[in-house]
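Working notes, structure below.
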Amino acid sequence: MASDQNETMLDGVQVKKAVLALQAYLKSTSTSESLLLNESQHISLLFTLWRIPKKEQTIRIPLPHGIRTDTAEVCLFTRDEPNMTPDQTERFYKKLLTVKGVKRITEVIPFKVLKTEYKPFEAKRRLLGNFDLFLADSRIYRLLPSHIGKHFYTSKKVPLSVNLQSQQLAQGLERLIQGSTLCVSKKGCCCMARVAHSGMTTDEVVENIMAAVSTIASNLPLKGKSIKIIHLKSQSSVALPIYTSDLGHLALLQEADPQTGSAKKTKDKRKAKKKQKQAQKSSPPAGEAQASDEEVPQLVPIASPSKKAKLETPGTEGLEKAPKPAGVKGGKKGQSPRKPSSPASSKPGTPRTKAPGGGAPGEGLKQKTPKMGRGTPGKIKSAKLAKSAKKAPKTPTQKRIKKVPQSC
């Protein structure tokens, strides 16, 4: 089934033309230094999906022709064996790999050594640059993210888990070392997988491309229908298209999505109905609300009873005469001297109250009021009241003073 699906997806002739054009470009751009150092560029497949995936996925791709040379550096992280030092653990696993027939692993690092010697940031960066591929024992794989750092993930050199207790250990490790991986993330619709290098022949590159596409298409959701475009490119070249999806695949995706969309819509409708019911329960009906509004009486301000001062009976017995200091003719500067006040008049600056019997002002109790400043309305009112008061009869002493003749 995978081979039939591969034949329908990719055209072998078109793929071979793209590979030949890419190899010709790499030969024309290669320098003398790269030829002397025997450096090769990576050839990769760029997959563009119709829609962004909903979950992350890592697809392991076995290839018929290895993409790593014999000089590639491979590191293996192992667990700490009980009752063994880190050196003893390293020797134990190296011996195990030689017995199983594994020769491509160059270094073995126990987990305790990784925690102690590679704890600094610079040590982790140096470890990342020294190796092309990292493998890890499946028993300690879940503990690695907190010790290797984020740079292993950004550079796409995340260790691959390996079961070191399997009987076919050599075949499994060889498949991982010679194969490739595709990391499908939910952050975008593009992903890339390395499938060959520039030192391989044209037929080997074509075979690797066909095998990689068939494996990836079988592991993606909706098989190959979720792939929109496939490009072939190197590290420094432009992307050459080798496959373009049909618009019918998009229609199939849209048919599959409404099922999930309709389910979401029904859930939203149910939630909206529940909210409406809760709102109806919490709030009373409109008729009851109007009746309750009519029943509530309107608030009317109640006049508080005024406190009336207890006044004595009208008369002049309770009034006191304001004494005038001897030798003082006038008041403050700028004011005319005051006339002698009658018993009925009160002190200046104090308002007079009218007796309840309708008598003249001043025929009640004297009420003390706070002093007011100069020119205040209270002072003006008291002056008017003093003028309007009746003049009292002159005393005998005042008459005598007028009769005495003035000296020449």
Once you put a point 7 Å from the Cα of K277 and another 7 Å from the Cα of R60, both along the Cβ direction, what distance in nm separates them?
5.1 nm
Rounded to a whole number, what % of the accessible area of region 90-182 do carbon and sulfur atoms account for, probe 1.4 Å?
50 percent
State the Cα centre-to-centre distance between region 202-230 and region 97-141 in whole Å.
31 Å
Any idea how far apart T181 and T69 come out in nm if each label point goes 7 Å out from Cα toward Cβ?
2.4 nm
Starting from the amide H of M200, placed 1.01 Å from N in the peptide plane, find each other amide H under 5 Å away whose residue is 5 or more places distant or on another chain.
none
Determine the relative contact order of region 41-155: mean sequence separation of Cα pairs under 8 Å and six or more apart, normalised by residue count, in whole percent.
32 percent
With θ set to phi - 60° and the Karplus curve 6.51 cos²θ - 1.76 cosθ + 1.60, what are the ³J(HN,Hα) couplings of region 74-80 in order, to the nearest whole Hz, using x for Gly and Pro?
10, 10, 10, 9, 10, 7, 7
Taking Lys and Arg as +1 and Asp and Glu as -1, residues besides K186 with C-beta under 12 Å from its C-beta add up to +3
Net charge over other residues, Cβ less than 11 angstrom from the Cβ of K228 (K, R count +1; D, E count -1)
+1
Taking 0.36 nm per intervening residue step and subtracting the Cα-Cα distance, what contour gain separates K17 from T98 on full extension?
24.9 nm
Sequence-distant or interchain residues sharing an amide H contact under 5 Å with K228, placed H: which?
T48, L49, W50
May I ask you to order 198-209, 234-245, 118-129 by the average number of other C-beta atoms within 10 Å around their residues, highest value first?
198-209, 234-245, 118-129
Counting Lys +1, Arg +1, Asp -1, Glu -1, what net charge surrounds E90 among other residues with beta carbon under 11 Å of its beta carbon?
0
Computed lengthening from D87 to Y141, 0.36 nm per intervening residue step minus Cα-Cα distance:
17.4 nm
So K150 and Q165, fully extended at 0.36 nm per residue minus their Cα-Cα distance, gain in nm 2.5 nm
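The values are calculated or read from the model by the stated rules, or taken from the named source; none is laboratory data. If you're wondering where the values come from, they're calculated on a predicted model, not measured in any experiment. As a convention, Cβ positions derive from the backbone with ideal geometry for all residues, glycine included, and neighbour counts pool all protein chains shown. SASA here: full protein model, heavy atoms, side chains in, ligands and nucleic acids out. Shrake-Rupley method; radii C 1.70, N 1.55, O 1.52, S 1.80 Å.
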